[in-house]
Each structure stands twice: as C-alpha cells, then as structure tokens.
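Asker: Got a structure here, written out as structure tokens. Questions coming.
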Amino acid sequence: FAGESEVAYASARQDWGLIVLAGTGSFVHLQTRDGRSHHAGGMGPVLGDYGSAYDIGLRGLRAAFISTWLASRHTSLRAAMPAALGVEDLRGIFHRAYVERTLNRRTIAALASTVDREAEAGDAVAAQCIRDAADELADLAVEMIVEAEVGDEELPVIASGSVARRSRIWWEHMCGRIAEVAPRMRPIIPPVPPV
C-alpha cells in the first residue's frame, strides 16, 4: 500500500518537491531535498477541502443562487448548475439540498467540471470561483514553502487530483501564487495517471 503522496511522486518520477493535490478533497505535501516532510490539508469537506472540486462546486452553487438576487452577479452558472444536476432550475437544487438531502460531497465535487467549463467559456464569476478556491490551497502551499525555506530551490511542483491536472485556470493561478515565493519552481503535470 502506498499513500497519495508517494503515488504522486512516483507518477511524476520525482523523489522530492511540493505536491498540490486537488481532487474531491485536497492537500499540499512537501518533501524537501534533505528529507524533511511537511503536510497540510486533507481534513474533508467540513474541516478543510481547500481548493478542491468540492470547494469549487460549492462556490459555483452559491454563485448561481446569488445571481438571482443581484444583477451585478449575473453568471451562466444560474442555468448550468441545474442542468448538470438534472433539475429544471435552482428551486430543484434547493429541493435536493434541503428536502431530499441528496447533495452529498461527491455530487457537489462533480459540479467543479461545470464551473470550469463555464469559466473557460468566458464567465467571469465562474472563473473567480476557481481562482478563489485555488487561493485557499495556495495560501497553505506558500506558507509551507516559506517555513521550510525552500523558495530559492528549483522546486518541483507536482499536480495531483482531477482539478489540479485538468483545470487550466486553477493550475495557472496556483503556479502563479507559488512562483511569488519560489520563482525557480518547476510545474509538473505527471504524464501518467496516479494509479
């Protein structure tokens, strides 16, 4: 048995570096060149799936509802989120959340791809949902790099999880934040799946 960190290093063919895992859940893990190990996150949806698919899906749902109250918050997510969940409108989502209670972690996380698609199509609110989620995990990554004093190294930064590997907006924003404290960072999207 190998943990997610070991699998991420193996899939990237690296022995050390910063793993940024964002799938249904999330964490950052740093293995330094001299063998020190640091880990943050991985606490689930209640205590901290920062920057994860769950985080993005939840932000997208909230943005869809806010758009009904304020014209300034207009977003294509208002129609896209109900369609992704197979309901007619936002009332159907409300019903699933509070009457049926069928909006679970996996269902909400699956909505991240809808938010990403709308962001790539030019929806500014959807793009902000993704960047804001990435910032949550980037804060942990940046602080970890600073505390471990590895910002001057050619730091491998390894993408792991569906969001980190597939969302261009999320990954570029994450790398930009990390580059602020580790300008020689080397982003790696592993060429093989972590299976």
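Asker: Which order, highest average first, do 173-181, 15-23 follow once you tally other Cβ atoms within 10 Å for each residue and take the mean per peptide?
Answerer: Per-residue Cβ counts within 10 Å, averaged per peptide and sorted highest first, yield 15-23, 173-181.
Asker: Quick one: what Rg and Dmax do you get for the stretch 59-158 from the alpha carbons, in Å?
Answerer: Using the Cα atoms of the stretch 59-158, the pair Rg, Dmax is 17.0, 53 Å.
Asker: While we're looking at this one, here's another question. Given that just one value was derived from the coordinates, which of (1) 1, 7, 12, 15, 16, 15, 11, 8, 6, 4, 2, 1, 1, 0, 0; (2) 1, 8, 17, 19, 18, 14, 9, 7, 5, 2, 0, 0; (3) 1, 8, 17, 22, 22, 17, 9, 3, 0, 0 is P(r) over Cα pairs in 5 Å bins from 0, in percent?
Answerer: Here P(r) over Cα pairs in 5 Å bins from 0, in percent agrees with entry (2).
Asker: Counting other Cβ atoms within 10 Å, which trypsin sites (Lys or Arg not before Pro) in the stretch 101-160 have at most 15 and lie in a DSSP loop?
Answerer: Those that pass, being in a loop and sparsely packed, are 101.
Asker: In the chain, what percent of the accessible surface is made up of carbon and sulfur (1.4 Å probe, ligands and nucleic acids excluded)?
Answerer: 52
Asker: Still on this structure, please answer the following. Computed on alpha carbon atoms, what radius of gyration and Dmax characterise the stretch 1-73, expressed in Å?
Answerer: Spelled out, the Cα radius of gyration and Dmax of the stretch 1-73 are 16.6, 53 Å.
Asker: Continuing with this model, one more query. Counting only C-alpha contacts under 8 Å and six or more residues apart, can you give the relative contact order of the chain as a whole percent?
Answerer: Answer for the chain is 27 percent.
Asker: OK, next. If packing is taken as the average number of other Cβ atoms within 10 Å across a peptide's residues, how do 24-33, 51-60 rank, most packed first?
Answerer: Sorting 24-33, 51-60 by mean packing, highest first, produces 51-60, 24-33.
The values are calculated or read from the model by the stated rules, or taken from the named source; none is laboratory data. Since we're looking at a predicted model, the values are computed, not measured. Don't worry about glycine lacking a Cβ; one is built from the backbone with ideal geometry, like all the others, and counts go over all protein chains shown. The area values use the complete protein model at the heavy-atom level, side chains included, leaving out ligands, DNA and RNA. Shrake-Rupley method; radii C 1.70, N 1.55, O 1.52, S 1.80 Å.
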